[in-house]
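S.K.: Here's a structure for you.
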Amino acid sequence: ASSSGEFVLCLRVTEQSTGLQIEAHLISDLKQTSMPPSFTALQVGPHTSLSLDSIDQTKAANWAVETVTAPARIFDPKRARIVATVSGWQTDAASRKVSLVLDGQVIASKTVDIPKSGRAQVEFLSFNIPYGAHRGEIRMEPHDGLPGDDSYPFAMERSDPRTALFLNDGRPREAFYYKAALDSAEDTGLTLQTGNMQQASHGDFSKYAFVVLGDTGTVNAEMERDLTEYVRRGGSLLLSLGPQSIRRGTEPVTQTSIHVSHETQGVGQMDSNHPALRGIGRLNQVQFFETARFEPLAGSRTLIKLADGSPLLVEQSLGEGRILTFASTFDNVANDFPLHTSFLPFVAQTSSYLAGGEDTQSSTTVGTPVMLRRSMEQGTAVDVIGPGGRHELSLHDASSMASYELPAEGFYEVHRANGQRVLVAAHADRRESDLTPVSADTLALWRNTSNRTLAEANPALVQTETRPWGLWRFILLLALAVAFVESMVGIWYLRQERQLS
């Protein structure tokens, strides 16, 4: 079935003496980009007659804005960068005007030369953008016969860098290494504030992008309640565990029991596809001399394991927020991690993850689910306002839905359960812009898949049939056995008679 156009599938089923016969009619635009990655997914059964009826077999030329790479958040307009790819299918070489549009106003325009049935990139740098959320668009002109893909929407927000808080309990060296790495990372949009536990005992954590609790042994009950509530409402917490935490015997907030291990070892397994670790590479040659051992709670996820399989970095959810637990320290005492080049990307990527960087994208494909809540603990209502200004969720959905699939192109205002409000842009799948039809040879091969034998079409369907034997079969076998025995006895008797005579 084609993903770029509607289709009609008609089936006519008849029961004949040879078995079940199916006559299938597929009416579609039969575009090449709609074909599955593997041709085996198109095979039909040996008793199926397939008729493919195309509503459009023309090789239409089409230009489109294929991709746009834009930051979801901008902190310094001088470092703003947007890259758009303009493509042509079945097209001659041509020039197109490409414009950057923000909130309906053209900010900049460039002319780009597109080769025959090829691609070209255009880049916009250092443009002025006011504070707040904005509706952006890359627009190509002049329009062609399919104008729907001549523009590409994206959302962008200008804001000041957010502040993260690092609290320590008399171990400033750990905060020093962490802050040095975060400050050295480019365009994180984060600044780190450091302090001790006593100064933050009555602080308001809601103003921070995330909180780091360095190896600490003293967390009073009031502060622990404040941190727990902060995470439940959507905050993020990073715990590092060292000698003072181990002497305390339990992790702050999670209350997980911990004990010490003095075995020197490196990293074993790492979940490199997790957004907190994406792009940081392997932690090769990093040695851990002292680690905290603990059993991850049910529902948690181990992101990094040591060579012996014990957890090094664990993630768990708490209400609308998340907690990352690092089973060592960041101060070059319990390990040599801060001395390796992998330490900087590790700090930068985990910080972005804790600050919610992966929850916001400049644009996404229509039909992609957008996260509304992480849990049902708070029971907070969510909301989605569609392109026409209409509230997309019913009262029941607003209190129960965990995600929402964007149904059409346009901009959506998403109000999440953690209080975050984001502007999301949805665009059509650009694979639909390639109007090249499926080749005649491929269609013929697809039709002929039903002419193969059952074993060729799907060997798994061929099964040996076992039928129970009737009683007469056993009686016949018994009679044959008796006759055979009698014959053998008779032959033996005759031989004895000859020998005696």
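The values are calculated or read from the model by the stated rules, or taken from the named source; none is laboratory data. Computed from a prediction, not measured in an experiment: that's the story for all the values here. Every residue, glycine as well, gets a Cβ built from its backbone with ideal geometry; the counts of neighbours run over all protein chains shown. Ligands, DNA and RNA are stripped out before the accessible areas are found, and what is left, the full protein with its side chains, is counted by its heavy atoms. Shrake-Rupley method; radii C 1.70, N 1.55, O 1.52, S 1.80 Å.
S.K.: Does S34 qualify as being at pLDDT below 60, closer than 19 Å to D434 by Cα, of a type in the set (S, T, Y) and surrounded by 13 or more Cβ atoms within 10 Å (Cβ to Cβ)?
M.R.: For S34, the condition - at pLDDT below 60, closer than 19 Å to D434 by Cα, of a type in the set (S, T, Y) and surrounded by 13 or more Cβ atoms within 10 Å (Cβ to Cβ) - is not met.
S.K.: For the range 312-350, which residues satisfy the criterion of being in contact (Cβ under 8 Å) with a residue 60 or more places away in the chain and polar (S, T, N, Q)?
M.R.: Within the range 312-350, the subset in contact (Cβ under 8 Å) with a residue 60 or more places away in the chain is 316, 318-334, 338, 342-350.
Across the range 312-350, the qualifying residues are Q316, T325, S328, T329, N332, S342, Q349, T350.
S.K.: May I pose another question? If I filter the range 336-354 down to residues being under 21 Å from the mean Cα position of the chain (by Cα) and open to solvent by less than 10 Å² (accessible area, probe 1.4 Å), which single residue comes out as farthest from G189 (Cα to Cα)? It would help to see each step written out before you state the result.
M.R.: Initially, the range 336-354 is screened for residues under 21 Å from the mean Cα position of the chain (by Cα), giving 345-346, 348-354.
Within this subset, residues satisfying the condition of being open to solvent by less than 10 Å² (accessible area, probe 1.4 Å) are 346, 350-351, 354.
On the way: F346: 16, T350: 13, S351: 10, L354: 12 Å.
Among residues in the range 336-354 that are under 21 Å from the mean Cα position of the chain (by Cα) and open to solvent by less than 10 Å² (accessible area, probe 1.4 Å), the one farthest from G189 (Cα to Cα) is F346.
S.K.: For the range 304-319, give me each residue that is touching a strand residue (DSSP E or B) at 6+ places or on another chain (Cβ under 6 Å) and open to solvent by less than 10 Å² (accessible area, probe 1.4 Å).
M.R.: I304, L306, L312, L313, V314 - these are the residues of the range 304-319 that are touching a strand residue (DSSP E or B) at 6+ places or on another chain (Cβ under 6 Å) and open to solvent by less than 10 Å² (accessible area, probe 1.4 Å).
S.K.: Would you check if G389 is open to solvent by 30 Å² or more (accessible area, probe 1.4 Å), without any contact (Cβ under 8 Å) to a residue 24 or more places away in the chain, out of contact with any helix residue (DSSP H, G or I) (no Cβ under 8 Å at 6 or more places or on another chain) and assigned to a loop (DSSP other than H, G, I, E, B)?
M.R.: yes
S.K.: State yes or no: is E290 among the acidic types (D, E), buried (at least 17 other Cβ atoms within 10 Å of the Cβ) and out of contact with any Cys (no Cβ under 9 Å at 6 or more places or on another chain)? Don't jump to the end; show me each part of the working.
M.R.: Working: among the acidic types (D, E): yes; buried (at least 17 other Cβ atoms within 10 Å of the Cβ): yes; out of contact with any Cys (no Cβ under 9 Å at 6 or more places or on another chain): yes.
It is true that E290 is among the acidic types (D, E), buried (at least 17 other Cβ atoms within 10 Å of the Cβ) and out of contact with any Cys (no Cβ under 9 Å at 6 or more places or on another chain).
S.K.: Filter the range 41-63 for residues that are in contact with a strand residue (DSSP E or B) (Cβ under 6 Å, 6 or more places away or on another chain) and open to solvent by less than 50 Å² (accessible area, probe 1.4 Å) and give the result.
M.R.: Matches in the range 41-63: V44, T48, L50, S51, L52, N62, W63.
S.K.: Only one residue in V333, V366 is surrounded by 16 or more Cβ atoms within 10 Å (Cβ to Cβ), of a type outside the set (S, T, N, Q) and farther than 22 Å from T191 by Cα, so which one is that?
M.R.: V333
S.K.: Here is a further query. What are the residues in the range 392-425 that are open to solvent by less than 30 Å² (accessible area, probe 1.4 Å) and over 23 Å from R135 (Cβ atoms), if any?
M.R.: Within the range 392-425, A398, A417 meet the criteria.
S.K.: Please go through the range 74-93 and give me each residue that is assigned to a strand (DSSP E or B) and surrounded by 17 or more Cβ atoms within 10 Å (Cβ to Cβ), ordered by number.
M.R.: I74, I82, A84, T85, V86, S87, G88, W89
S.K.: Go through the range 96-134 and report how many residues are touching a Ser or Thr at 6+ places or on another chain (Cβ under 6 Å), assigned to a strand (DSSP E or B) and either hydroxyl-bearing (S, T, Y) or farther than 15 Å from T69 by Cβ (or both).
M.R.: Of the residues in that region, 6 qualify.
S.K.: Scan the range 153-167 residue by residue and report those that are in contact with a Ser or Thr (Cβ under 7 Å, 6 or more places away or on another chain), part of a strand (DSSP E or B) and either closer than 24 Å to P71 by Cβ or not hydrophobic (A, V, I, L, M, F, W, C) (or both).
M.R.: Scanning the range 153-167 gives P153, F154, A155, M156, T163, A164.
S.K.: Test of understanding: among R322, R301, which residue is closer than 28 Å to E224 by Cβ and surrounded by fewer than 17 Cβ atoms within 10 Å (Cβ to Cβ)?
M.R.: R301 is the lone residue from the list that is closer than 28 Å to E224 by Cβ and surrounded by fewer than 17 Cβ atoms within 10 Å (Cβ to Cβ).
S.K.: May I pose another question? Restricting to strands (runs of 3 or more DSSP E) lying wholly in the range 180-283: which have 1 or more residues that are over 26 Å from the mean Cα position of the chain (by Cα) and either surrounded by fewer than 20 Cβ atoms within 10 Å (Cβ to Cβ) or of a type in the set (S, T, Y) (or both)? Steps first, answer last, please.
M.R.: Numbers: elements: 190-196, 211-213, 236-240, 258-261, 267-270.
Here the list reads 190-196, 236-240, 258-261.
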